[in-house]
Amino acid sequence: MLSTAQSPTHVFFISLGCAKNLVDTEVMCGKLATEGFLLTDDPETADIMIINTCGFIQEARREAESEIEAALAWKRAAEDRFLVVTGCVPQRDPSSILEQYPEVDLFLGVDDIPDVPTHLTNLIQGRCKEQNRVRSKPPSYVYDHTVPRLQLTPSSYAYLKIAEGCSHGCRFCSIPRIRGPRRSRPQTSIVQEAKQLLSQGVRELNLIAQDTTSYGKDLDNSGEDLPSLLEQLDRLEGDFWVRVLYTHPAYIGERLIQTFVDTDHLVPYIDVPLQHINDQVLVTMGRRFDGTSTRRLIESLRDRIPELALRTTFLVGHPGETTEAFEELYNFVASTAFERLGVFTFSPEPGTPSAELRDEVVPPQTAEERREALLSLQQDISLEHNRELLDTEVDVLAVSKHEDGRYVGRTYADAPEIDNFVYFTGDDHCLTRGFNRVRIHTAYPYDLEGERRK
């Protein structure tokens, strides 16, 4: 079972949750691969299964628990199998998860990521004395460009994590408790990693953090911030996109807007989770950005940035969200006509101030009905946006080939995993070419169809 050339250890990964968690999985895979472990995509050939969990909301934790229970069945099915659980769930409440799943061989937290090969070797060799390795203090780890990383996304795009943790005080959110305070990577490290990814054939760099617009605020007045980082990335050579995800409306200022106007590689796409529009709900959420400011920001963004695709997410059912407050949100969505939109229902997260609110609690069924109402509205809006592209030509980044022979890709208005797809006919070079010029002939609410132009 030792990880040696004579007897390699096979590891199977399950990565749950967001893109930020996926980058952690890629780092762990890179670490293990360079230390002689073999990665497998078949759990039946694995000696060790690692589940990198998400614990952001109840739904994510239920998914993690389901995967852990299935993995325990895998562990019991054969001798000498080990199960390791990492990520947000053990980091959030290590003692509780240990009590819930005593059969799990090892729990690891965020700060254990760089030492995963050592922990697995100790586990295999019987030197792991404690099942729970998660430290009680807030995590401090953030990777850099020198750390081995195995890209798990399609070759055409990658995620570039520019910071870890969060220092905001949104009253409904448990991320600061799980991931610790904001920790920005030095700009030189990010640019070096971007160069490495581009040299590997990546054509789209997706910048991620808990809040990308707060990047650099913890770097002791170094002058490094998101606009300066984007300017540095824009100077890199090649034909590629840069996409900014997870922004905060309070920190989208004049300089950042101008950066979108002035740079060549930065696509006109902004992901800005607004959460709500009603002032009282926003105050209760601890958002520090009111409805009037939100409307002014959107007006400025659409006025200044040509062909802007604006994506947002809203949280419905938060305590104190009255019928009138939801109607204001519904009307706001209808009038603003966001290009892309997601909706979540309130999840009372233990340890957060919002979970302690007992007055004006919104019944879960009512919250779900409000979510469905917004999604139904957005479906109509999305269809109208897509119909505007009929009989036009758009640049599409190919990401895969569909089983029916067509290619699958995305426009600049579509982020990986969360937005729309374009299905198009083409030639054998569509994937290696990266960007393809596609003429759209069919529009659906969330997808487009077309053919590549020669």
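The values are calculated or read from the model by the stated rules, or taken from the named source; none is laboratory data. Keep in mind that what you see is a predicted model, and the values were worked out from it rather than measured. Don't worry about glycine lacking a Cβ; one is built from the backbone with ideal geometry, like all the others, and counts go over all protein chains shown.
Laid out as a table, the results:
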quantity: Boolean, Pro416 is touching a strand residue (DSSP E or B) at 6+ places or on another chain (Cβ under 8 Å) and either closer than 22 Å to Leu22 by Cβ or touching a residue at least 60 places away in the same chain (Cβ under 8 Å) (or both); calculated: yes
quantity: Residue in region 289-302 that is modelled with pLDDT under 95 and out of contact with any Asp or Glu (no Cβ under 8 Å at 6 or more places or on another chain) present; calculated: yes
quantity: Matching residues in region 17-36 - criterion: being at pLDDT 95 or above and hydrophobic (A, V, I, L, M, F, W, C); calculated: Leu22, Val23, Val27, Met28, Cys29, Leu32, Ala33
quantity: Qualifying residue in region 123-139 (condition: over 30 Å from Arg433 (Cα atoms), assigned to a helix (DSSP H, G or I) and either over 25 Å from the mean Cα position of the chain (by Cα) or at pLDDT 90 or above (or both)); calculated: yes
quantity: Only one of Ser376, Ser354 that is in contact with a Phe, Trp or Tyr (Cβ under 9 Å, 6 or more places away or on another chain) and part of a helix (DSSP H, G or I); calculated: Ser354
quantity: Residues satisfying the stated conditions in region 138-167, i.e. small (Gly, Ala, Ser) and within 21 Å of Lys217 (Cβ to Cβ); calculated: Ser140, Ala163, Gly165, Ser167
quantity: Looking only at region 432-454, and only at residues there that are of a type in the set (Gly, Ala, Ser) and either in contact with a Gly (Cβ under 6 Å, 6 or more places away or on another chain) or part of a strand (DSSP E or B) (or both), the one that is nearest to Gln379 (Cα to Cα); calculated: Ala443
quantity: Residue within region 114-121 that is at pLDDT 90 or above, in contact with a helix residue (DSSP H, G or I) (Cβ under 6 Å, 6 or more places away or on another chain) and part of a loop (DSSP other than H, G, I, E, B) present; calculated: no
quantity: Residue in region 437-445 that is assigned by TED's automatic domain parsing to the domain that holds Glu204, more than 24 Å from the chain's Cα centre (by Cα) and closer than 18 Å to Glu339 by Cα present; calculated: no
quantity: Region 245-257, subset hydrophobic (A, V, I, L, M, F, W, C) and within 22 Å of Lys20 (Cα to Cα), residue surrounded by the most Cβ atoms within 10 Å (Cβ to Cβ); calculated: Leu245
quantity: Any helices (runs of 4 or more DSSP H) falling wholly within region 1-98 and containing at least 3 residues that are in contact (Cβ under 8 Å) with a residue 60 or more places away in the chain; calculated: 19-34, 88-92
quantity: Unmet requirement for Ala78, which otherwise passes all of (1) at pLDDT below 95; (2) in contact with a helix residue (DSSP H, G or I) (Cβ under 7 Å, 6 or more places away or on another chain); (3) not aromatic (Phe, Trp, Tyr); calculated: (2)
quantity: Condition check for Gly286: more than 17 Å from Phe338 (Cβ to Cβ), in contact with a strand residue (DSSP E or B) (Cβ under 6 Å, 6 or more places away or on another chain) and not aromatic (Phe, Trp, Tyr); calculated: no
quantity: Filtered residues of region 311-323 (kept if without any contact (Cβ under 8 Å) to a residue 60 or more places away in the chain and more than 17 Å from the chain's Cα centre (by Cα)); calculated: Val316, Gly317, Pro319, Gly320, Glu321, Thr322, Thr323
quantity: All positions within region 39-76 that are loosely packed, with under 15 Cβ neighbours inside 10 Å and among the hydrophobic types (A, V, I, L, M, F, W, C); calculated: Ala70, Ala73
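One line per residue, one yes/no per condition, for (1) outside any strand (DSSP E or B); (2) buried (at least 22 other Cβ atoms within 10 Å of the Cβ):
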residue	(1), (2)
Ser189	yes, no
Gln196	yes, no
Thr213	yes, yes
Ser228	yes, no
Glu237	yes, no
Arg243	no, yes
Thr259	yes, no
Tyr269	no, yes
Pro273	yes, no
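So that you can scan it fast, the table gives a plain yes or no per residue for (1) more than 25 Å from Thr313 (Cα to Cα); (2) modelled with pLDDT of 95 or more:
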| residue | (1), (2) |
| --- | --- |
| Val394 | yes, yes |
| Thr411 | no, yes |
| Asp428 | yes, no |
| Arg439 | yes, yes |
| Gly450 | yes, yes |
